[in-house]
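Remarks on the structure that follows.
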Amino acid sequence: MTALPLEKARQIIDAAFAKGADLKLKPLGVSVLDAGGHLVAFQRQDGASFLRPQMSAGKAYGALAIGMGSRRVEAFAKERPHLVAGISDVSGGRVLPVVGGVLIRDKAGAIVGAVGISGDTSGNDEAAAIAGIEAAGFTADPG
């Protein structure tokens, strides 16, 4: 069994969408990546803009690449912009240092993946990601 099976990724997405509905958020795109930065699942709600796959995956990828939730990655980008620009360059532009990417930790505290959400304000994206991760039985680490 993989650390982040497709069934769990779907649970994360469904719960994130439910949180979005509860908060009356704009249409969301949700990417779930495994610990190696590979896409496990993506869904976007009707009405979400066409760049949501790349934006949500970029938030999750950045969290995994730097090893901290994107709330901290965004602050890090402000503190050390040249370093984050370099990380973005070596990743082929895959890192999006904006709040909305949350690390997924298992019960032992190991990182098993990340969720990135894009569609509403960054703080609301993050809240939906946290809700999804927790609903699937993991620990959310927003940074």
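Only the coordinates and a few stated rules stand behind these numbers; no lab work does. Owing to the predicted nature of the structure, the values given are computational and were not obtained by experimental measurement. All Cβ positions, glycine included, derive from the backbone under ideal geometry; neighbour counts span all protein chains shown.
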Rounded, prolate or oblate (a/c below 1.5 giving rounded, otherwise prolate when a/b exceeds b/c) for the chain by Cα gyration tensor: oblate
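Work out the FRET efficiency for D46 and D14 from their Cβ-Cβ distance, taking R0 = 25 Å, and round it to the nearest 0.05.
Efficiency computed from Cβ-Cβ geometry: 0.95.
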Derived scalar couplings ³J(HN,Hα) [the range 29-38; Karplus, 6.51 cos²θ - 1.76 cosθ + 1.60; whole Hz; x for Gly, Pro]: x, 10, 10, 10, 10, 7, 5, x, x, 8
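The range 44-143: which chymotrypsin sites (Phe, Trp or Tyr not before Pro) are DSSP loop and have at most 13 other beta-carbon atoms within 10 angstrom?
On the way: sites: F50, Y61, F76, F138; in loops: F50, F138.
Answer by residue number: F50.
What does the charge count around G113 come to, taking other residues whose C-beta lies under 10 Å from its C-beta (Lys +1, Arg +1, Asp -1, Glu -1)? Please report the intermediate quantities before stating the final value.
Numbers: positive: K8, R105; negative: D34, D106.
With Lys, Arg at +1 and Asp, Glu at -1, the net is 0.
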Candidates V115, V102, V73, ranked by Gaussian network fluctuation over the chain, Cα under 10 Å, top entry: V73
Shape of the range 98-143, Cα gyration tensor, a/c cut at 1.5: prolate
Mean Cβ count within 10 Å, highest first, over the residues of peptides 62-68, 33-39, 14-20: 62-68, 14-20, 33-39
Estimated vicinal HN-Hα couplings, Hz - the range 102-119 in sequence order (Karplus 6.51, -1.76, 1.60; Gly, Pro = x): 10, 5, 10, 10, 7, 4, 7, x, 6, 6, 10, x, 8, 10, x, 10, 9, x
Separation in nanometres of the label points that stand 7 Å from Cα toward Cβ, at K24 and D89: 4.6
Centre separation in Å (Cα based) which lies between the range 2-16 and the range 58-96: 24
